[in-house]
Amino acid sequence: MQYDQTQTVMVVDDDAMIRRALAKLLENNGYTVREAEDGLQALELVERECPDLLITDWEMPGLNGVELCRRLQQAELPHYVYVILLTGRTDSQDMIDALQAGADDFVSKPIDRDALLARLHAGQRTSRRERQLREMSERDSLTGVLNRRTFFGHFAREWARSQRHGSPLSVVLLDVDFFKKLNDTYGHSTGDVVLQQVARTLTAQCRASDLVCRYGGEEFCVLLPETDEAAAAIWAERARAAIAALRVPHGEKVIHTSASLGVAQRLNDMPTVEAAIDAADQCLLYAKGAGRNRVVTSASMHESLDDIIDERRPMDDVLARDVMSAVVLTVGQHESVRTAAEFLLQLRLGSAPVVNADGRLVGIISEKDLLGLSFSERTWSQPVANVMKTNVVCYDETTTAKEILDFLCRVSIRRVVVLKDGQPTGIIDRSSLVRWIHNWMLAHGQTDADYGVEHCQAFTDTMSNLAHALASRGTELSRYLANLEDDFVPYVIGEATRMQDLINDLLSQCQRTQSIRHLV
């Protein structure tokens, strides 16, 4: 990785003549120089503009050079600062104390010009190597954008700044459409090329202050500081169009791709960074459920659902049990954390209800809860009851679906648990509500009269993609069943559920296409 040959050096000395002489020497040798008259001023300047190297006198009033080294070691700096101490001391214990405080090298007084430059060159090599290693640890190795851990660190700082100054902050969550099918059809190496091109496309759309992260698999997350939801939606639409225009060569073929994007802005009632990402994730799910290759914002999603409810009132007299996804398996509160982790992984769920010996709901366990645990045998052997969340949002089966919809549109919670006599019988999230409303509209003759033949072709393409995804799921399930393991039921249930969702999507697209052809 290439770096600018010009590096910044901060000179710290209470003697103005020495500072000016050193500054002139360094500038003549290609360095950018900053000056500070004592240790305290140096700390203030470092916080505003962190240098690559720092030359400091040992003896200074207020904060001396050794104490400055110690304070720099304790500070949260964007990168390592290589420190050279100027000193007339020769006692070995003094040198040991300075090294332990954080000094990297020494130059004896009176200062030898060539010796100082040689030590600076050595510091440059160390500084550049540190930056290379830091870049490697902070970035995704395939795409070159930030990895998830580093992204969350930046997000937390931007979140705090947004709260402090009341400035807008938006997040965009993106998913490459039908990526698994692309991998299965063209191979993982081609899939990697697609991810790299998507990452480059997103980065090209960003300002210097924006941050792009590979969130996981084919998902990317983009942070847009000083940007409200409306402006973020414009950015997201521009990114969507650029991704849709990508052409990835594969032999004699050209692969087309697209992406679905969810957009959310930080709101004052959002408690954490995760709440904003969760809101964007809900919009992303809505975009995928609405046909993919589109941008959905929190505002537009809520308005869309409200318009449907106000105009057609499909949820009058509809109960929670009519729209919920049935709970087939639950986690016992006395089962181990490891068992719960295996349960979530096999069913590919984000969370699951936890029940007592009588089957009554006592809590919920999520992937987020598991990620917060330490990596020890003792932790993962403890019962789920020790780590589950007990503040579960629940509704009785006889609650109206409209009441649950209103609740999910107001808050950032992903889903609610449906109960009958205290026992969990189902889960309702925004995705399942959107699916129910969509199917209701089809059943009651809601069509897209303004669509033409080209839209029929678009729906046909979508059905083809769905059919390929369904076939791929079936192949995976068949391969798994050929090598049965002891605990195969959760996996089979999870795959069957996803295949059922794909079949529902396929039938909905078929019915919608038929309706349009009758109109054109």
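Bear in mind that the values in this text are calculations on the coordinates, not laboratory data. Predicted model only: the values in this text are computed from it and were never measured. Positions of Cβ are backbone-derived with ideal geometry, glycine not excepted, and every protein chain shown enters the neighbour counts.
In table form, for the structure just shown:
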| item | result |
| --- | --- |
| Modelled FRET efficiency - R0 35 Å, residue 208 with residue 345, Cβ distances, 0.05 increments | 0.35 |
| The stretch 148-311: antiparallel DSSP beta bridges as a percent of all, rounded to 5 | 90 percent |
| Gain on full stretching of the segment that runs from residue 245 to residue 275 - 0.36 nm per residue minus C-alpha separation | 7.6 nm |
| Within the stretch 370-387: backbone nitrogen closer than 15 Å to the residue 334 label point (7 Å, Cα to C-beta) | 382-386 |
| Euclidean distance between Cα centres, the stretch 369-391 to the stretch 61-128, Å | 45 Å |
| Packing-based exposure ordering (other Cβ within 10 Å, fewest first) of 394, 283 | 394, 283 |
| The stretch 201-265: GluC sites (Glu not before Pro) falling in loop per DSSP and having at most 14 other Cβ within 10 Å | 252 |
| Separation between Cα centres of the stretch 156-184 and the stretch 200-276, rounded to whole Å | 7 Å |
| Filter on 368/420; 24/109; 181/288; 180/253; 180/402; 181/253 - keep pairs with C-alpha separation over 23 Å | 368/420; 180/402 |
| Spacing of the two label points (7 Å from each Cα toward its C-beta) at residue 360 and residue 165, in nm | 5.3 nm |
| Kirkwood hydrodynamic radius of the stretch 8-138, from inverse mean 1/r over distinct Cα pairs, in Å | 14.8 Å |
| Label-to-label distance, nm, for residues given as residue 180 and residue 99 (7 Å Cα→Cβ offset) | 5.6 nm |
| Radius ratio Rg over Rh of the stretch 148-311, counting only Cα atoms, Kirkwood formula for Rh | 0.99 |
| The stretch 28-120: GluC sites (Glu not before Pro) falling in loop per DSSP and having at most 11 other Cβ within 10 Å | 49, 76 |
| Two-site FRET efficiency, residue 322 against residue 44, from Cβ-Cβ distance with R₀ of 51 Å, rounded to 0.05 | 0.20 |
| 20 Å cut-off, amide nitrogen to a point 7 angstrom out along residue 476 Cα→Cβ, residues in the stretch 186-203 | 186-195 |
| Gain on full stretching of the segment that runs from residue 131 to residue 24 - 0.36 nm per residue minus C-alpha separation | 35.9 nm |
